Amino acid sequence: MINPILEAFVSIVPQLGFQKVEKKGISLKGSILTYQGVLINIGVVGPLKGAVLIGMDLDSAKQFASKMMMGMEVPELDSLAQSAISEMGNMVCANACTNFAKVGIEGLDISPPTLLIGNDGQVRLAVSEVLVVNLTVDGILVNVYCGLYK
């Protein structure tokens, strides 16, 4: 189930001004995720249910937002920068729904993104295992979490 999401991520981020996306690792985690910095949570409903989350530390989120805002300096993750990061998650997940439809899983819908910011934050998903893909986007570490079930 991760391939349509990764394909969406690799397709969308170059449209936002990034050049290089590299997969650094993949792992399984339990239903409780801990995070440092920013976590974008997007709910998925339809034939698949659950959530897709995109996480990065606070400095990485500032760099990501800066690049999305045409290089504008982002000294703090203010509401404009938060909106940019959230919109990236929204675009990736909407594109992933299209990719799922191409492989026969139609009728998926996504929730508006919820942006979580904090240190030592925890999120519990309604799945027993979450697939985690570690990526770098122009050197910025980004984690994509897939917690979907049928």
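Among Met70, Met56, Met88, determine the one that fluctuates most according to a GNM of the chain built with springs between C-alpha atoms less than 10 Å apart.
Judging by the Gaussian network model, the answer is Met70.
Kindly list the residues of segment 84-122 that lie in the label zone of Ser31, defined by a backbone N under 18 Å from the point 7 Å along the Cα-to-C-beta vector.
Within reach of a label on Ser31, which here means backbone N under 18 Å from a point 7 Å along Cα→Cβ, segment 84-122 contributes 122.
Counting heavy atoms of the protein chains only and a 1.4 Å probe, report the per residue accessible area for segment 2-99 as a whole number of Å².
On a per-residue basis, segment 2-99 sits at 46 Å².
Local charge sum around Val132 (other residues, Cβ-Cβ under 12 Å, Lys/Arg +1, Asp/Glu -1)? List each step's numbers first, then the result.
Working: positive: Lys23, Lys24, Lys29; negative: Glu129.
Result for the neighbourhood of Val132: +2.
Taking the chain as a Gaussian network, where each spring joins two C-alpha atoms under 10 Å apart, which residue of Val45, Val123, Val103 fluctuates the most?
Maximum among the listed residues: Val103.
How large, in percent, is the carbon and sulfur part of the accessible surface of the chain at a probe radius of 1.4 Å?
50
Can you tally the net charge around Asn143? Count Lys and Arg as +1, Asp and Glu as -1, for every other residue whose Cβ sits under 12 Å from the Cβ of Asn143.
+2
Normalised by the number of residues in the chain, what is the relative contact order in percent for Cα pairs under 8 Å and 6+ residues apart? Don't skip to the answer; put the middle values down first.
Working: 303 pairs, mean separation 62.3, N = 150.
Here the relative contact order equals 42 percent.
Could you pull the Rg and Dmax for the chain, using just the Cα atoms, both in Å?
In Å, with Rg to one decimal and Dmax whole: 14.4, 43.
If the elastic network links every pair of Cα atoms under 10 Å, which of Gly43, Gly89, Gly118 fluctuates the most in the Gaussian network model of the chain?
Of Gly43, Gly89, Gly118, the Gaussian network model singles out Gly118 as fluctuating most.
Using only alpha carbon pairs under 8 Å that are at least six residues apart, calculate the relative contact order of segment 20-101 and give it in whole percent.
With pairs under 8 Å counted, the relative contact order is 23 percent.
Tally Lys and Arg at +1 and Asp and Glu at -1 over the other residues with C-beta under 13 Å from the C-beta of Gly43: what net charge comes out?
That works out to 0.
The values are calculated or read from the model by the stated rules, or taken from the named source; none is laboratory data. Predicted model, so just to flag it, every value in this text is computed and none were measured. So basically every Cβ, Gly included, is an ideal-geometry build from the backbone, and we count neighbours across all protein chains shown. Ligands, DNA and RNA are excluded from the accessible area calculation, which covers all protein heavy atoms including side chains. Shrake-Rupley method; radii C 1.70, N 1.55, O 1.52, S 1.80 Å.
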